[in-house]
Amino acid sequence: MDSGNNQIEKMQTENMPEKKSSRRDFLKNMSIAAAAGSAGLVVGGCSGTPATEKMGLKWEEYFKKHYRLMTQEEKDATVTRLERLAKLERGINVQISDQGPHEQVLFGYAFNISRCKGYMDCVEACVRENNLDRRTKTQYVRIFEMDPGQLDPSAGDGQYHHEVPVKNKFYMGVQCFHCENAPCIKACPTKATWREPDGIVVIDYDWCIGCRYCLAACPYWGRRFNWGDPEVPKDEINLNQHYLGNRMRMKGVMEKCTFCIQRTRKGKLPACADACPTGSRVFGNLLDPNSEIRFVLKNKKVFRFKEDLGTEPKFWYFMD
Amino acid sequence: MSKFSYAAGLLLGALAAVILISQAATASGSPGSESVKDRIEQAIEPFDSLKVTTAYPLPVKTVEAKEQYQGGSFKVLARKDQITRFRCSVCHNDKMVKVRNGALFTHSDIQLNHGLGRNQLTCNECHAIENRDVLVDKQGGQIDFDHSYQLCGKCHFRQKRDWLGGAHGKRETYWAGERVIRNCTSCHNPHSPAFPTKMPATYSLPLDE
């Protein structure tokens, strides 16, 4: 009896993809035809106008798959569509990358709390690199001024407005720690957030439903929510983008630090580490025994924030 | 017969459950079952970061460092082409300088603030009296301006050890590719090496906002 039931179920699941895709194709064709038809009515039967093209692209986008289920061709197709949409909607020529991870690479970060001077150049560089919303002042990186003995940045002051560094204070930066055992990933009901093989925790913005469970699950305040459409001045938009990184987000989705995936997968340092004038930020490949980050882990006093939670963050603090 | 088939079904079900559980365990635990620290410790094979072909050489002048880092060679940013009016011996020679040109040629912009209290350094503790085109250490050894880390490290040996390994200072733009790091003088003004106080670029909201 049992095995018989199993067999039926198995058959059903085997048949499912075909059924689903045919239904999907049917809907897609219908909708494109409808879009073209209605647009045609509005503009007087002239096909191939930007409005029609935009509507067609948007329909195609609406029916695309989860990023992890896409084949390379499908990834390239959606990237091409998004680039074209950016051109049509904002009049900018963006390059969106879908570059995958390198083998034998696991990204890690170290922050020197005895050397940071609290200049916050990293925060500013991050905002510009990642096209963060200027209106609500979204920031991935935050710096807090701390009293000696404190090690919890929630007790620190981030809104200082005086010359830094101040004597007998130290400065502590926080951002997404890209946990190996990330609670945000477990909390997501749509699997819109996951850890890539090179250790970066990313979000598929088109698969996020905006429930903010991940925001509540993260013990490090690492995630940000878009309550409205992010606003970035047209001439300040960073045109080098990544599908999982700094491409323009939309209203109602989560976003967070991606270790500047658009930079780091090309071998560059993240924008914060590149901008730091004091050398407090060390970034590199944890699987390479010759890397700077491995030297820090081996030779310095290091600790991780809330290590007892077992989240395994790949972000260490160290001191000289 | 029916009893037999029932037992077989039960057995099959139990088997399936066992397989499912073991699969779930391996799927959830493949990277997570060992801690990330163990994974890092087990990684002893050096990564060939030249494989990352998008990390191409920068349009900045670099020189091959005269020391090794973790067994490998590396480059530092050049210093000499950053010094205005190098070579120094163009002025510092036997010829006389006219008094009216003196203001232009003296280094009146230099604020010397290196060393604490009564241990303030003077010019000739780093600059060679006889040959102004090089630096000099206390043993009389001549040091090229491009390799100033050799001189700075005489006193700041802890910082130099960290700098060689990568815990002090920083890499230039790339984490991959050829290792190019900043020289001491790329970040520190050698005459006044402490970082200045200045206004922060922006501010941060409290964590729970």
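The values are calculated or read from the model by the stated rules, or taken from the named source; none is laboratory data. Remember, it's a predicted structure, so these values are computed and weren't measured experimentally. We place every Cβ from the backbone using ideal geometry, glycine too, and count neighbours over all the protein chains shown. What goes into the accessible areas is simple: the full protein's heavy atoms, side chains included, and nothing from ligands, DNA or RNA. Shrake-Rupley method; radii C 1.70, N 1.55, O 1.52, S 1.80 Å.
When the strands (runs of 3 or more DSSP E) confined to segment A:234-320 are screened for residues that are within 12 Å of another protein chain (Cβ to nearest Cβ) and either crowded, with 19+ Cβ neighbours inside 10 Å or without any contact (Cβ under 8 Å) to a residue 12 or more places away in the chain (or both), those reaching at least 1 such residues are found at A:281-285, A:315-319. Report yes if B:GLU130 is under 26 Å from the mean Cα position of the chain (by Cα), of a type outside the set (A, V, I, L, M, F, W, C) and either more than 8 Å from chain A (Cβ to nearest Cβ) or surrounded by 18 or more Cβ atoms within 10 Å (Cβ to Cβ) (or both), otherwise no. Taking the combined requirement at face value, the residue does not satisfy it. Evaluating A:ARG212 against the criteria (1) free of Cβ contacts under 8 Å to residues at least 24 places away in the same chain; (2) over 29 Å from A:LEU287 (Cα atoms); (3) within 14 Å of chain B (Cβ to nearest Cβ) leaves one unmet condition, (1). Considering only segment B:133-173, state which residues are open to solvent by 20 Å² or more (accessible area, probe 1.4 Å) and within 21 Å of A:VAL296 (Cβ to Cβ). Listed by number, the residues that qualify are B:CYS152, B:HIS156, B:PHE157, B:ARG158, B:GLN159, B:LYS160, B:ARG161, B:LEU164, B:HIS168, B:ARG171, B:GLU172, B:THR173. So which residues in segment B:56-78 are in a loop (DSSP other than H, G, I, E, B) and either open to solvent by 60 Å² or more (accessible area, probe 1.4 Å) or at pLDDT below 85 (or both), if there are any at all? Residues satisfying the conditions are B:TYR56, B:PRO57, B:LEU58, B:PRO59, B:VAL60, B:LYS61, B:LYS66, B:GLN68, B:GLN70, B:GLY71, B:SER73. Could you list, in sequence order, all residues of segment B:160-209 that are assigned to a loop (DSSP other than H, G, I, E, B) and closer than 20 Å to B:ILE143 by Cα? Passing the criteria: B:ARG182, B:ASN183, B:HIS188, B:PRO190, B:HIS191, B:PRO193. Residues of segment B:138-168 that are polar (S, T, N, Q) and in contact (Cβ under 8 Å) with a residue 40 or more places away in the chain: B:SER148, B:GLN150.
Per the listing B:ARG100, B:ARG85, the residue uniquely open to solvent by 100 Å² or more (accessible area, probe 1.4 Å), more than 16 Å from the chain's Cα centre (by Cα) and at positive phi is B:ARG85. Here A:ARG135 meets each of (1) in contact (Cβ under 8 Å) with a residue 24 or more places away in the chain; (2) more than 26 Å from A:GLN262 (Cβ to Cβ) with one exception, condition (2). Within segment A:85-108, the set of residues being of a type in the set (Gly, Ala, Ser) and under 20 Å from the mean Cα position of the chain (by Cα) comprises A:ALA86, A:SER97, A:GLY100, A:GLY108.
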